[in-house]
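Beneath this line is the structure, given in structure tokens, with notes to follow.
The values are calculated or read from the model by the stated rules, or taken from the named source; none is laboratory data. As the structure is a prediction and not an experimental result, all values here were calculated from the model. Here the Cβ is made from the backbone with ideal geometry for all residues, glycine too, and neighbour counts use every protein chain on show.
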Amino acid sequence: MTARLQERYEKELLPQLAEKLGRKNRLSLPRLEKIVVSMGVGSAISDKKHMEDAISAMTEITGQKPMICKARKSVAAFKLREGLAIGCKVTLRGVRMYEFLDRLVSLALPRVRDFRGLSPKAFDRNGNYSLGLNEQLVFPELNPDKYTRVQGMNIALCCSTNSDDESQELLRGFGVPFRTEDTSN
């Protein structure tokens, strides 16, 4: 079974990108390699239940069990000890990656309050795009009664190209809503 966006990429986006970039080789065209979703749960230092809630929420959102990230160093000012669980992350590839991107673009981002599009300046000069969400409850899979604590997350879209412009073109093709710069001001 292929995801809707994966089918769209193979049938519509690849020919469009090949024409626009002037390349005939399919393998030289930009593609989405992986999506990394991560949550930093600093409050887990004082309450272990916060980490359990974050892991449960991320499992429901991504459909994959997250990896727990532990502190590398001890920092006395933050009451942090080396080896303490302070976050979790999931790396999505293949069908799950396309399904997650589809839900992010069509369901979650439109539910963000005062959303005017994603910043086109959040590329890392290597073709990867990062965005942050302040609240995980924009995903409809989560029950607001179960997750009462607001928890944010970071999402990194990793592309195969080193060019930010090519990556932006690819993500626009997937329907990622980038903000258009106003030149009227």
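Being over 25 Å from Pro140 (Cα atoms), small (Gly, Ala, Ser) and modelled with pLDDT under 90 is true for just one of Ala44, Ala76. Which residue is that?
Only one candidate qualifies: Ala76.
Spot the failing condition for Asp165; the list is (1) over 28 Å from His50 (Cα atoms); (2) more than 18 Å from the chain's Cα centre (by Cα); (3) assigned to a loop (DSSP other than H, G, I, E, B), and only one is missed.
Condition not satisfied by Asp165: (3).
Say whether the condition of being within 16 Å of Gly152 (Cα to Cα) and basic (Lys, Arg) is met by at least one residue in the range 99-118.
Yes, the range 99-118 contains at least one residue that is within 16 Å of Gly152 (Cα to Cα) and basic (Lys, Arg).
Quick one: which residue in Ala18, Ala57 is over 16 Å from the mean Cα position of the chain (by Cα) and modelled with pLDDT of 85 or more?
That would be Ala18, the only listed residue that is over 16 Å from the mean Cα position of the chain (by Cα) and modelled with pLDDT of 85 or more.
Here is a yes/no grid of residues against (1) surrounded by 14 or more Cβ atoms within 10 Å (Cβ to Cβ); (2) outside any helix (DSSP H, G or I); (3) aliphatic (A, V, I, L, M):
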| site | (1), (2), (3) |
| --- | --- |
| Ile86 | yes, yes, yes |
| Thr91 | yes, yes, no |
| Arg96 | yes, no, no |
| Leu101 | yes, no, yes |
| Ser106 | no, no, no |
| Pro120 | yes, yes, no |
| Leu142 | yes, yes, yes |
| Tyr147 | yes, yes, no |
| Leu157 | yes, yes, yes |
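With respect to Lys11, determine if the residue is without any contact (Cβ under 8 Å) to a residue 24 or more places away in the chain, surrounded by fewer than 14 Cβ atoms within 10 Å (Cβ to Cβ), of a type outside the set (A, V, I, L, M) and not in a helix (DSSP H, G or I).
Considered against the rule, which asks whether it is without any contact (Cβ under 8 Å) to a residue 24 or more places away in the chain, surrounded by fewer than 14 Cβ atoms within 10 Å (Cβ to Cβ), of a type outside the set (A, V, I, L, M) and not in a helix (DSSP H, G or I), Lys11 comes out as no.
Output the residues belonging to the range 100-137 that are of a type in the set (Phe, Trp, Tyr) and touching a Phe, Trp or Tyr at 6+ places or on another chain (Cβ under 9 Å).
Listed by number, the residues that qualify are Phe123, Tyr129.
For every residue, the table says whether it meets (1) small (Gly, Ala, Ser); (2) touching a Ser or Thr at 6+ places or on another chain (Cβ under 9 Å); (3) outside any helix (DSSP H, G or I); (4) farther than 30 Å from Met97 by Cα.
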{"residue": "Ala54", "(1), (2), (3), (4)": "yes, no, no, no"}
{"residue": "Thr59", "(1), (2), (3), (4)": "no, no, no, no"}
{"residue": "Gln64", "(1), (2), (3), (4)": "no, yes, yes, no"}
{"residue": "Ile68", "(1), (2), (3), (4)": "no, no, yes, no"}
{"residue": "Lys73", "(1), (2), (3), (4)": "no, no, yes, yes"}
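When you look at Arg113, is it part of a loop (DSSP other than H, G, I, E, B) and free of Cβ contacts under 8 Å to residues at least 40 places away in the same chain, yes or no?
Against the criterion (part of a loop (DSSP other than H, G, I, E, B) and free of Cβ contacts under 8 Å to residues at least 40 places away in the same chain), Arg113 qualifies.
In the range 42-51, is there at least one residue being closer than 30 Å to Arg172 by Cβ and buried (at least 17 other Cβ atoms within 10 Å of the Cβ)?
No, because not a single residue in the range 42-51 is closer than 30 Å to Arg172 by Cβ and buried (at least 17 other Cβ atoms within 10 Å of the Cβ).
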